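K.L.:
Quick one: this structure, given as structure tokens, is what I'll be asking you about.
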Amino acid sequence: MSSSDLVLVARDNGVTTVTMNRPEALNALSGPLRQCIAETFLELAEDEATQVIILTGAGRAFTVGLDLKELGGETASATVTDKDLGKAIANVGKPVIGAVNGFAITGGFEIALMCDFLIAGPNAKFADTHARVGVVPGWGLSQRLPRLIGINRAKELSLTGNYLDAATACDWGLVNRVVSEGELISTCEKLAADILTTEPITRGAIRKIMDAGWNTTLGEGLDIEHSANRAHAKSQVRAEKVAARRAQIQNRGRDQADS
């Protein structure tokens, strides 16, 4: 498989679907695949046509994490310029919806946690096997997971290496909802389309301050929000824009009430 086939990119009216494509290896993160993912997100950060990204995996897995055969020296490791995958996803500057279609294990779990939110298929399974493999997390799992599901639950997962099924992941607040396998991508596409109906500069600011506040205390987060509110109001809020958006919101509310 050529490097250009390791990540599939499909663009459709502002929504770009990125598919990790090593289904025969459950999308294990070989060096070339990691590089392709990083390069794809670096490109999408500069792509004005892309406003929302859906990230998923081909076949039976989202991704099972680092390629352990490669890591253990059982298979040759291709020489690549290792761009920082975590920073590439974190700095893409656009909403990322994770469509978790199967296994999201260890490094794959970490990539899922980099997404803004997750929608899972019924066969999705999460596990943190860092302690079993003998590797300390390096892409943020030890910090993001406790903030999402609580430190006690996070410790249970990380210290046992046990699997978490889709339904329990939803109950614990790790994923937003569980949908049938056939509806997974279409559900994410519908949510992406809903995001596209919002005002771009405002949604970008909201996403940015949510992330900034999540990484600090409540008091500091409130200060971040206050500063962003004042700056946005000064540069972006105009009476005619608010009136137009108000009419759109009212029409959308009527449409949803009738559906």
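Just so you know, all these numbers are worked out from the coordinates, no wet-lab data involved. Keep in mind that what you see is a predicted model, and the values were worked out from it rather than measured. In this analysis, Cβ positions are derived from the backbone assuming ideal geometry, glycine residues included, and neighbour counts consider all displayed protein chains.
K.L.:
What does the convex hull of the Cα atoms of the range 146-222 come to per residue, in Å³, rounded to a whole number?
P.N.:
It is 116 Å³ per residue.
K.L.:
Mind sorting I185, I105, I201 by how few other Cβ atoms lie within 10 Å of their own Cβ, fewest first?
P.N.:
Ascending number of Cβ neighbours within 10 Å: I201, I185, I105.
K.L.:
Counting only Cα, what are the radius of gyration and maximum Cα-Cα distance Dmax of the range 3-196, in Å?
P.N.:
Looking at the range 3-196, its Cα Rg and Dmax stand at 15.6, 46 Å.
K.L.:
Of S158, S186, how do they rank once you tally other Cβ atoms within 10 Å and put the fewest first?
P.N.:
Ranking S158, S186 by Cβ neighbours within 10 Å, fewest first, gives S186, S158.
K.L.:
Could you go through the range 143-151 in sequence order and give the Karplus-derived ³J(HN,Hα) for each residue, using 6.51 cos²θ - 1.76 cosθ + 1.60 with θ = phi - 60°, rounded to whole Hz, and x for Gly and Pro?
P.N.:
Karplus values, whole Hz, x for Gly and Pro: 9, 6, 4, x, 5, 7, 10, x, 5.
K.L.:
Test of understanding: ordering M210, M20 by Cβ neighbours within 10 Å, fewest first, what list do you get?
P.N.:
Ordered by Cβ neighbours within 10 Å, fewest first: M210, M20.
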